[in-house]
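Report on the following structure.
The values are calculated or read from the model by the stated rules, or taken from the named source; none is laboratory data. The structure presented is a predicted model; accordingly, all values stated were derived computationally and were not measured. FYI the Cβ positions are ideal-geometry reconstructions off the backbone, even for glycines, and counts take in every protein chain you see. Protein only, heavy atoms only, side chains kept; ligands, DNA and RNA dropped before computing areas. Shrake-Rupley method; radii C 1.70, N 1.55, O 1.52, S 1.80 Å.
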Amino acid sequence: MSTEPRPQLDSLLVQLADGERAVFTQVFRILWQPVHRLCSSMLKNDADAADAAQQALEKVLTRCGEYDRKRPALPWALAIAAWECRTIARKRTRRREVPEDEAPVLGSGSEEELAQRELMLAAIDALGELSEQDREALVATFWEEATNVTGATLRKRRERALTRLRDTFKRLYGLD
Amino acid sequence: MDSIDLSQIERRARRKYEWARARRAVLGFAPSLVLIAVAALLNKHHVSAIAFGIALFVVGSGLLWYGRDVRRAVLPGLAMGLLPLAVALCVNHVGHACLGDRCMTLCVPACAVGGLAAGVGISFIGLRRKQGWPFWVGATLLTLLTGAMGCSCVGYGGVAGLSVGCAIGLLSGLVQRRLRHSR
């Protein structure tokens with residue numbers, strides 16, 4: 001993703017928060033792609049990803065009044081999307097929504113896939129337990145989205161967020 | 001991704017955005033309900049105070065919902081409206097003043113003076129913050145509605161006094177603004 005729309009997105013989101021309806025479509029179009037991509041990579045299911053992206057975008061746009069103008073908008077929006085993915089993943093686990101024909105066939109490949117999926121869901125769950133700032137740092141790092149900090153500060157922030165994620169994972173599942 | 005109807009999702013998001021703005025606006029302006037309740041209790045004409053109060057609440061919430069420049073008028077408009085409201089409610093309890101055989105109700109002059117002070121206040125803030133006409137219109141409207149909750153003490157004469165006072169107070173500011181723009 002190019003770095004060009006980011007500062008533009010920050011100012012557009014501020015305008016939208018101030019009630020400038022003319023920028024709504026622009027904000028929506030800029031955010032849709034990265035949010036949908038994040039949801040797809042987290043949920044590994046097209047329908048769930050589309051649902052999560054839609055709900056995440058609705059939340060971002062309705063909560064634009066809460067957006068902190070000093071921080072970049074994209075990681076903030078992606079953190080909300082990550083939270084939405086977590087909610088949908090939890091719902092899916094609870095309701096066992098995976099239909100019979102989509103259920104993995106037993107075998108070494110699908111077992112591995114299943115294990116990876118479970119691990120991903122667990123990671124999303126642990127991610128949801130972190131603070132918004134930690135989530136932003138991790139999401140920005142692993143989905144290659146820019147934050148307002150770079151270099152040593154970003155490394156330190158990421159390190160701290162990872163430690164907290166590890167602790168949370170340990171607390172939730174009892175393993176590293 | 002091609003199968004996703006983005007325009008439908010956008011429409012839905014826009015609807016939710018407007019609802020969220022409206023909810024925030026009503027919540028943001030909710031503290032004024034206390035003021036409206038106090039004004040209605042202290043005013044002898046409860047019905048007119050409540051009617052102006054409802055109008056104030058609708059207009060104030062509407063301005064906050066609309067946003068942009070006009071939302072900046074909400075707090076100054078409400079604050080300036082407190083001047084004529086407080087003066088009118090105080091005078092409401094004094095009633096009238098007598099000089100010899102002649103008595104007069106104090107409500108109308110009090111509202112005019114309060115309106116004048118409010119108009120000057122709006123002008124001061126508008127000029128200082130270099131606000132555009134939406135601010136001036138919004139702030140004046142809110143000031144008049146806030147003040148009117150108290151100035152309805154002698155019927156619409158009090159409200160007229162308030163409006164005239166406010167208009168005179170605004171005049172100097174508007175003239176200055178015009179001169180500034182013509183330079």
Fill in: the range A:62-79: number of residues that are open to solvent by less than 10 Å² (accessible area, probe 1.4 Å) and either among the aromatic types (Phe, Trp, Tyr) or under 15 Å from the mean Cα position of the chain (by Cα) (or both)
6
Worksheet item: Is it the case that the range B:32-46 has a residue that's on the phi > 0 side of the Ramachandran plot, touching a helix residue (DSSP H, G or I) at 6+ places or on another chain (Cβ under 9 Å) and open to solvent by less than 70 Å² (accessible area, probe 1.4 Å)?
Response: no
Response to the item:
Within the range B:47-61, the residues that are closer than 24 Å to B:Arg14 by Cβ and open to solvent by 40 Å² or more (accessible area, probe 1.4 Å) are B:Val58
Worksheet entry | Residue within the range A:66-74 that is at pLDDT below 90, of a type in the set (A, V, I, L, M, F, W, C) and more than 19 Å from A:Ala123 (Cα to Cα) present | yes
Item to complete: Could you tell me whether the range B:62-76 includes any residue that is surrounded by fewer than 24 Cβ atoms within 10 Å (Cβ to Cβ), modelled with pLDDT of 90 or more and away from chain A (no Cβ under 14 Å)?
Response: yes
Worksheet item: Counting just the residues of the range A:18-31 that are touching a residue at least 12 places away in the same chain (Cβ under 8 Å) and either surrounded by fewer than 15 Cβ atoms within 10 Å (Cβ to Cβ) or more than 8 Å from chain B (Cβ to nearest Cβ) (or both), which one comes out farthest from the chain's Cα centre (by Cα)?
Response: A:Gln26
Item to complete: Of the conditions (1) in contact with a helix residue (DSSP H, G or I) (Cβ under 7 Å, 6 or more places away or on another chain); (2) within 14 Å of chain A (Cβ to nearest Cβ), B:Ala49 clears all except one; give me its number.
Response: (2)
Discussion item. Being β-branched (Val, Ile, Thr), surrounded by 24 or more Cβ atoms within 10 Å (Cβ to Cβ), in contact with a Ser or Thr (Cβ under 9 Å, 6 or more places away or on another chain) and part of a helix (DSSP H, G or I) is the requirement here; does B:Val120 meet it?
Written reply: no
Worksheet item: Can you tell me how many residues in the range B:123-135 are open to solvent by less than 60 Å² (accessible area, probe 1.4 Å) and not hydrophobic (A, V, I, L, M, F, W, C)?
Response: 5
Response to the item:
Note on A:Leu12: of the conditions (1) modelled with pLDDT of 90 or more; (2) away from chain B (no Cβ under 12 Å); (3) surrounded by fewer than 20 Cβ atoms within 10 Å (Cβ to Cβ), unmet is (3)
Fill in: Among (1) of a type in the set (A, V, I, L, M); (2) modelled with pLDDT under 75; (3) farther than 16 Å from A:Ser40 by Cβ - the single one A:Ala79 does not satisfy
(2)
Worksheet entry | Residue list for the range A:12-48, restricted to those being small (Gly, Ala, Ser) and out of contact with any Lys or Arg (no Cβ under 9 Å at 6 or more places or on another chain) | A:Ala22, A:Ser40, A:Ser41, A:Ala47
Discussion item. Condition first: open to solvent by less than 40 Å² (accessible area, probe 1.4 Å) and more than 10 Å from every other protein chain (Cβ to nearest Cβ). Now tell me which residues in the range A:32-55 satisfy that.
Written reply: A:Pro34, A:Val35, A:Leu38, A:Cys39, A:Ser41, A:Met42, A:Leu43, A:Asn45, A:Asp48, A:Ala52
Discussion item. Which count do you get for residues in the range B:16-50 that are under 14 Å from the mean Cα position of the chain (by Cα), modelled with pLDDT of 95 or more and small (Gly, Ala, Ser)?
Written reply: 1
Worksheet item: What's the number of the condition B:Leu6 fails, among (1) facing chain A (nearest Cβ under 9 Å); (2) at pLDDT 95 or above; (3) in contact with a Phe, Trp or Tyr (Cβ under 7 Å, 6 or more places away or on another chain)?
Response: (2)
